[in-house]
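Visitor: Here you go, one structure.
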Amino acid sequence: MATITLKGNSIHTAGELPAVGSQLPAFTLVKSDLSEVSPADFAGKKLVLNIFPSLDTAVCAASVRRFNKEAGERGDAVVLCISADLPFAQGRFCTTEGLDNVVPLSVYRSPEFGLDYGLTITDGPLKGLLSRAVIVTDASGKVLYAEQVPEIVQEPDYDKALAALA
């Protein structure tokens, strides 16, 4: 279990992020068109998993915009934006914002994702949502960088995440 904060108040997650050097755990998540994807669908690509509570918050939306611009333009990485938002809302957000360098993915059919990745918030007002985290992998799925953002209203360290792609 990790302890993070929400506006300075302690809250907890279901576990710890996958360790740097480990293999990315398997998952099946839902795209905006309701199709399912897994890491195998991105074989041979570096991945940035931008994980957050909901696109309906300013910080979450900002992280999707920033990764769309910076990591998405690289061409050698796929940015997966993962939340508990429904696929319809994710698709609408990306379309409205003109974001086409990210792949929005929903955990609504796969609550085990948050448990397997140690990201399900277990108490406090956001209980049941995912905490804010970034995981970067190489093209073979090996974790190169993992950040559990310590304060949920804080943005991730984009520079360190993007540096891991180099």
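The values are calculated or read from the model by the stated rules, or taken from the named source; none is laboratory data. Remember, it's a predicted structure, so these values are computed and weren't measured experimentally. Heads up, the Cβs are rebuilt from the backbone with ideal geometry, glycines too, and the neighbour counts pull from every protein chain shown. Ligands, DNA and RNA are excluded from the accessible area calculation, which covers all protein heavy atoms including side chains. Shrake-Rupley method; radii C 1.70, N 1.55, O 1.52, S 1.80 Å.
Visitor: Tell me, what does the Kirkwood hydrodynamic radius of the range 25-166 come to in angstroms if you use every pair of distinct C-alpha atoms? Intermediate values should be presented prior to the final figure.
Guide: Details: mean 1/r = 0.0675 Å⁻¹.
It works out to 14.8 Å.
Visitor: Suppose all protein chains stay in the model; what accessible area per residue would a 1.4 Å probe give for the range 1-138, in Å²?
Guide: 44
Visitor: Efficiency by 1/(1 + (r/R0)^6): what FRET value for ALA26 and MET1, r their Cβ-Cβ distance, R0 = 30 Å, to the nearest 0.05? Kindly include the intermediate steps, with their values, before the conclusion.
Guide: On the way: r = 22 Å, r/R0 = 0.73.
According to the calculation, E is roughly 0.85.
Visitor: Do any of LYS127/LYS160; LYS69/LYS127; LYS7/LYS127 go past 23 Å between their Cα atoms, and which?
Guide: Values: LYS127/LYS160 28 Å; LYS69/LYS127 30 Å; LYS7/LYS127 15 Å.
Over 23 Å Cα-Cα: LYS127/LYS160; LYS69/LYS127.
Visitor: Calculate, for LYS69 and ASP123, the FRET efficiency according to 1/(1 + (r/R0)^6) with r their C-beta to C-beta distance and R0 45 Å; round to the nearest 0.05.
Guide: Taking R0 as 45 Å, the efficiency between LYS69 and ASP123 is 0.85.
Visitor: What's the extension gain from LEU115 to ALA139 if we count 0.36 nm per residue and subtract their Cα-Cα distance?
Guide: Difference between extended and current length: 6.2 nm.
Visitor: Within the accessible area of the chain, what % is carbon and sulfur when the probe is 1.4 Å and the other protein chains stay in place?
Guide: For the chain, the apolar C and S fraction of the accessible surface comes to 54 percent.
Visitor: For the range 1-103, count the residues as N, evaluate 2.2 N^0.38 Å, and divide the Cα radius of gyration by that value, please.
Guide: 1.13
Visitor: Any chance you could run the full-extension gain for ALA40 through LEU86? It's 0.36 nm times the residue separation minus the Cα-Cα distance, nm to one decimal. Let's see the in-between values first.
Guide: On the way: separation 46, 0.36 × 46 = 16.56 nm, distance 2.24 nm.
That works out to 14.3 nm of additional length.
Visitor: For the range 35-42, take each phi angle, set θ = phi - 60°, evaluate the Karplus expression 6.51 cos²θ - 1.76 cosθ + 1.60, and give the result in whole Hz per residue in order, putting x for glycine and proline.
Guide: Residue by residue, the range 35-42 yields 7, 9, 9, 9, x, 4, 5, 10 Hz.
Visitor: Still on this structure: Excluding ALA43 itself, what net charge comes from residues whose Cβ is under 15 Å from its Cβ, given Lys and Arg +1 and Asp and Glu -1?
Guide: 0
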